[in-house]
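First comes the structure, then the notes that go with it.
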Amino acid sequence: MSSAMDDVVGPALDREQPMLPGFEADQAEWKLAYDAQIGVDKSVRNRSGIEIAALYTPEDWSADRYVQDVGFPGQGPFTRGIYPTMHRKRTWTQRQLIGLGTPDDYNERVRKILDLGSTAISLLPCNSAFRGVDCDQVPLPLLGTCGTVINTTDHMDRALEGVALDSISTAMNDPTPFTLLAFVLGTAKRRGIPFDKITGTSNQSDYISHYVANHMFYRLSQPGARRLLVDHIEFCREKVPNWNPVSVVGQHMQQAGATPAETMGFTLSTAIQYAEDCMARGMDPDSVLPRFTFFFDVSISFFEEIAKFRAGRRIWARIAKERLGAKDPRSWRFKFHGQTSGVDLTAQQPLNNVARVAVQAAAGIFSGLQSMHTDAYDEAITCPTEDSARIAVATQNILREEAHLCDVIDPLGGSFYIEALTNQMEEDILRVMGIVESAGGMYEAVGSGLVQRMIGDSALAAQMRIENGEEKVVGVNCYQTDDDGVDQPPPYRPDQSRMKEHVESFKQFKRDRSQAEVDKAIIGLRRSASAERENVFEKVVDAATAGVTHGEIVATLREELGFGQPLLIT
């Protein structure tokens, strides 16, 4: 007969069963006895396919391996973090990604976000920018629904009105050919701010991830994008030294369907490709690697994500030292931005996403990230509303100030489970990297379609687990209710009259600018692209300053460097 307590916590173990051997007995024998008595489910695996035991002991990870596997923060193997004091002394940068409507809409929202406690800003352009066209080439209803419409230096100046560019770090979701940074530099020049005072990151400079996961093959050819990225890195190293010109984006890979281990493997392989491209140009690794950054998804698979980042951090340190030959410890640092995963958010019962984002954010904090964006709960439905964006910022504030997650550095370090899982994730990450290396490196592996096929296979497997109920998603395949849609906010649409006014103003701008200056800048851009050793990005900056638009810059470079083509994968 079960007791009332059994109804709450589950049936007690049969008191007639023999007791487990004392822990002083052989640990392997003890675990076998434990598994036999408890009846553990052997089929539990995480998203990377690693089998998860019911209990972890020194048999799985021994403290004898502390120095080899864990060490101290700020020291090799960097498992516990890249800085000695980590979040205990300085917490992560709160960098909310914002992109909506016109430059004036963006400016209004970004000022409010800064007032709420964000310490840096990000800008996501309208999807038309990713396609390389200007706002007067796109149907009006499509503009500004998923990003800010910015096509000129004038637009950027308005978007950043009241933002101190010499003290606020800005991250630009800036696809090749990096016109957003060019517009930022044009704005700085207008305000008399030296380029060496500008800080931030070209968040979307990783053309490989765009090609693989976002299918943005149409902007520029792969060889053209490859050259432009190295030009961009070289220009920033010399002229904008406090800017991070390359952000290797694992987020795209994971949101497209790669497992966490695959994501880290592909991302590190991409970083190797970019570093070796810079070295082939004659750059010293210690002159560029300190400005390499990484951008990742943080999913709700809590412990798996923590292990992913701990493993990735120590793998990158070894790569930078042993393969790339970097001698400066700053080059070994795995600096990464984490964004809570929008893929985990659901349109069904969207308020549940507040809880999901909190769990994801906690995983990112325990992983030792350097900056973080927390998604708004309504992002599965629409561009975040002002209220949902406020909750997203508050989530970080609560975790930092009320939950005291920053009191201890790497608080899960030394856990039998976390250390064993970190080692297993490292093995799987290195396996993925080995596959890419055998294909000739990331550039060649993507060109052959290998990476795309691997991501597609993983995406299909993950979807099948949800559809057959193996992977539970609250509100989607379990705990469903009849009123799942009642708390869904309406989709965001920018004010059409304001957007129409913005497009008309853009057309007037083109009529009023000096066509002679524009023609001169385009000729210079064209010549640099056709010359073998001129820096193309320097001419992109010159063009942006002269009033050349985003669409005109991309069109010119497409003519000289080639138009990207889709890869048919069979």
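By accessible area of protein heavy atoms, probe 1.4 Å, what ranking do Arg80, Arg330, Arg390 get, highest first? Mind dumping the intermediate values first?
On the way: Arg80 40, Arg330 130, Arg390 95 Å².
I get Arg330, Arg390, Arg80, largest accessible area first.
Enumerate the aspartates and glutamates that Lys321 could reach by cross-link, defined here as Cα to Cα under 15 Å, with residues fewer than 8 away along the same chain left out. Candidates past the 8-residue exclusion: Glu276, Asp284, Asp286. By its C-alpha gyration tensor, with a ≥ b ≥ c as the square roots of the eigenvalues, how is the range 331-463 shaped: rounded for a/c under 1.5, else prolate for a/b larger than b/c, else oblate? Verdict is oblate for the range 331-463.
Rounded to the nearest 5, the antiparallel percentage of DSSP beta bridges internal to the chain is 5%. Other residues within the sphere of radius under 13 Å centred on the Cβ of Asn46, judged by their own Cβ, net out at -3 (K and R +1, D and E -1).
Each label was represented as a point 7 Å from its Cα along the Cα-to-Cβ direction; for Thr85 and Ala355 these points are 3.7 nm apart. Under the shape rule built on the C-alpha gyration tensor, where the axes satisfy a ≥ b ≥ c, the range 408-551 is oblate, since a/c reaches at least 1.5 while a/b does not exceed b/c. Can you bin the range 125-227 into rounded, prolate or oblate? Criterion: square roots of the alpha carbon gyration tensor eigenvalues sorted a ≥ b ≥ c, rounded for a/c under 1.5, prolate for a/b above b/c, oblate for the rest. Oblate is the answer for the range 125-227, as a/c is 1.5 or above yet b/c matches or exceeds a/b.
Other residues within the sphere of radius under 11 Å centred on the Cβ of Ala543, judged by their own Cβ, net out at -2 (K and R +1, D and E -1).
Rounded to the nearest 500, the helix-only mean residue ellipticity at 222 nm of the chain stands at -14500 deg cm²/dmol, with each DSSP H run of n ≥ 4 adding -39,500 (n - 2.57).
With 19 Å as the limit on Cα-Cα distance, the pairs of Lys89/Lys239; Lys197/Lys510; Lys89/Lys335; Lys239/Lys539 that go past it are Lys89/Lys239; Lys197/Lys510.
A simple spin-label model places pseudo-atoms 7 Å from Cα toward Cβ; at Ser167 and Ala459 they are separated by 4.4 nm.
Given a 1.4 angstrom probe, I'd like the percentage of the accessible area of the range 498-570 that is carbon and sulfur, rounded to a whole number.
Looking at the range 498-570 in its full context, I get 48 percent from C and S.
Accessible surface calculations at 1.4 Å, restricted to protein heavy atoms, place the chain at 43 Å² per residue. On the protein heavy atoms, probe 1.4 angstrom, tell me the percent of accessible surface of the range 233-380 carried by carbon and sulfur. Using a 1.4 Å probe with all protein chains present, the range 233-380 comes out at 51 percent carbon and sulfur. Against the empirical curve 2.2 N^0.38 Å, the C-alpha radius of gyration of the range 167-290 lands at a ratio of 1.07.
For the range 416-489, the equivalent ellipsoid derived from the alpha-carbon gyration tensor has semi-axes of 35, 20, 11 Å in decreasing order. Looking only at Cα atoms, what is the convex hull volume of the chain per residue, in Å³? In the chain, the Cα hull volume divided by residue count equals 171 Å³.
The values are calculated or read from the model by the stated rules, or taken from the named source; none is laboratory data. None of the values given here were measured: they were computed from a predicted structure. Quick reminder, even Gly has a Cβ in these numbers, built from the backbone with ideal geometry, and neighbours come from all protein chains shown. The accessibility values were calculated without ligands, DNA or RNA, using every heavy atom of the protein model including side chains. Shrake-Rupley method; radii C 1.70, N 1.55, O 1.52, S 1.80 Å.
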